[in-house]
Amino acid sequence: MNTDYLRYFSTLAELQHYGKAAKELNISQPGLSHAIHSLEKDYGLPLFEKTGRNVRLSPYGLEIKKYIENCKKEFGDMVARV
């Protein structure tokens, strides 16, 4: 699993727009699309649903987002203790 891809997922989940997320991440839009498709292939689940020019998290994406947020919190707590 590529940790950059998880960061890309989080940014896209927050901004709900490929173009804006790619700009925020300073990567190309096709690169972001490739990363999200790779995650969806790894998980075997659709993580986003298209709504016109925007996207929103699928029910599976919502669960993955919760997991990622929990991991970030745990990592932050660990770093604070060191």
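Tabulated data for the structure shown
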item	result
Cα-only radius of gyration and Dmax that characterise the chain, units Å	13.1, 45
Whole-number accessible area per residue in Å² for the chain, which is evaluated in the context of all protein chains at 1.4 Å	71
Charge dipole (debye, nearest 20) of region 1-42; +1 at Cβ of Lys and Arg, -1 at Cβ of Asp and Glu	120
Helix-only mean residue ellipticity at 222 nm for the chain, each DSSP H run of n ≥ 4 adding -39500 (n - 2.57), per residue, nearest 500	-23500 deg cm²/dmol
Nearest-20 debye value, the chain charge dipole, Cβ charges on Lys, Arg, Asp, Glu	220
Whole-percent carbon and sulfur share, accessible surface of the chain, 1.4 Å	52
Dipole-positive endmost among Ile36, Tyr8, Asn54 within the chain (Cβ charges, Cα centre)	Asn54
5 angstrom amide H check on Phe48, placed H, neighbours 5+ away	Ser58
Nearest-0.05 FRET efficiency for Asp77 and Ser33, computed from C-beta distance (R0 30 Å)	0.35
Cleavage-rule hits (trypsin sites (Lys or Arg not before Pro)) in region 35-74: DSSP loop, at most 11 neighbouring Cβ within 10 angstrom	Arg53
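The values are calculated or read from the model by the stated rules, or taken from the named source; none is laboratory data. Just so we're clear, the structure is a prediction, and the values are computed from it rather than from any experiment. Quick reminder, even Gly has a Cβ in these numbers, built from the backbone with ideal geometry, and neighbours come from all protein chains shown. The accessibility values were calculated without ligands, DNA or RNA, using every heavy atom of the protein model including side chains. Shrake-Rupley method; radii C 1.70, N 1.55, O 1.52, S 1.80 Å.
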